[in-house]
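Only one structure is covered here, and it is reproduced in the block below.
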Amino acid sequence: MILDLLQKKNIAVNVEAADWKEVVAETGKLLLEAGQIEKRYIEAMKQSIIDNGPYVVIGKGIALLHARPEDGVKENCLSLITLAEPVEFGNKNNDPVKIAFAFGTVDNEKHVKTISELSVVLMEESAVDNIAEMGSAGEILSYIEDILAQQ
Amino acid sequence: MTVEKNVEITNETGLHARPASKFVQKVGTFKSDVTIIYGEKEVNAKSIMGVLSLGVSQGNEIIIKCKGEDAETALEELVNFLHEQMAEE
């Protein structure tokens with residue numbers, strides 16, 4: 001299911017970002033350029049972190065960025081960036097962030113299943129470090145595909 | 001001591017990132033080992049990704065299991081906490 005959403009156009013590797021706001025902007029930009037969200041969704045994702053704290057850093061080195069369906073999501077979507085340099089989000093357990101996903105959903109039921117599948121992939125031994133070091137979107141997609149095939 | 005209790009997930013968005021992360025933080029305040037069981041899967045409740053990987057949505061029922069010296073207090077407080085979280089969503 002994540003492979004239906006996460007396409008090459010939704011992935012960028014070795015992205016430069018100076019702080020967490022730039023990480024949100026860069027990850028969101030991939031969805032914006034694909035026509036999957038409105039620009040205000042990116043601001044909403046930032047605001048969610050300001051309001052709720054860095055809970056989006058859900059595991060060591062991973063940020064899962066999102067806002068609400070009514071914040072400007074056009075269709076279910078998922079993007080991924082790997083960072084050239086790790087970035088601090090202020091989450092003492094899981095900083096620094098090496099890879100960041102942004103997702104938008106128009107459908108709560110499907111979103112739970114997508115995030116479930118994504119979590120299964122990321123709980124694989126060394127998955128985050130492996131993805132962080134990959135040089136291309138194609139490489140990342142086949143890696144995720146392999147993990148899912150083993151489930 | 002091991003105790004467990006069933007909880008129905010009632011909020012529209014299920015056990016997603018924000019409530020899951022708050023729940024995981026709360027779990028960390030107890031000495032007991034806490035696990036969440038959903039269907040055939042059982043995960044450590046101290047891992048947000050573990051909790052998210054269950055894919056629990058509205059109307060699903062989970063089992064919270066606590067094992068340790070403060071198991072009874074932990075179970076009672078965690079179940080209450082989940083109910084409060086869901087009421088706020």
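Taken together, the values in this text are just the output of simple stated rules run on the coordinates, not laboratory data. Being a predicted model, the structure only gives us computed values, none of them experimental. So basically every Cβ, Gly included, is an ideal-geometry build from the backbone, and we count neighbours across all protein chains shown.
Computed quantities for the displayed model
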| item | result |
| --- | --- |
| For the protein assembly as shown, with +1 on Lys and Arg beta carbons and -1 on Asp and Glu, the positive-most of B:Val43, A:Cys77, A:Ala18 along the dipole | A:Ala18 |
| Dipole moment magnitude, nearest 20 debye, the range B:2-88 about Cα centre, only Lys, Arg, Asp, Glu C-beta charged | 320 |
| Length added when fully stretched, A:Lys74-A:Ala34, from 0.36 nm per residue minus Cα-Cα | 13.4 nm |
| Charge sum, other residues only, whose C-beta stays under 10 Å from A:Lys60's C-beta, Lys/Arg counted +1 and Asp/Glu -1 | -1 |
| Antiparallel DSSP beta bridges within the protein assembly as shown, percent to nearest 5 | 75 |
| Chain B - percent relative contact order, Cα under 8 Å, separation 6 or more | 44 |
| The range B:2-88: projected area of the alpha-carbon convex hull, averaged over directions, in nm² | 4.7 |
| Alpha-carbon centroid distance for the pair the range A:63-115 / the range B:10-64, whole angstrom | 19 |
| Candidates A:Ser119, A:Ser48, A:Ser79, ranked by Gaussian network fluctuation over chain A, Cα under 10 Å, top entry | A:Ser119 |
| Amide N of the range A:92-127 lying under 16 Å from the label point, which is placed 7 angstrom from the Cα of A:Asp19 along Cα→Cβ | A:97 |
| Difference of contour (0.36 nm per residue) and Cα-Cα distance, A:Glu85 to A:Asn108 | 5.0 nm |
| Calculated FRET value between A:Asn130 and B:Glu40, using beta carbons and R₀ = 30 Å, to 0.05 | 0.65 |
| Dimensionless Rg over Rh [the range A:2-150; C-alpha; Kirkwood] | 0.92 |
| Per DSSP, loop GluC sites (Glu not before Pro) in the range B:28-86 with at most 16 further Cβ within 10 Å | B:Glu40, B:Glu69 |
| Cross-link table A:Lys92/B:Lys5; B:Lys5/B:Lys26; A:Lys9/B:Lys26; A:Lys46/B:Lys31; A:Lys29/A:Lys110; A:Lys8/A:Lys110, entries beyond 27 Å C-alpha to C-alpha | A:Lys92/B:Lys5; A:Lys9/B:Lys26; A:Lys46/B:Lys31 |
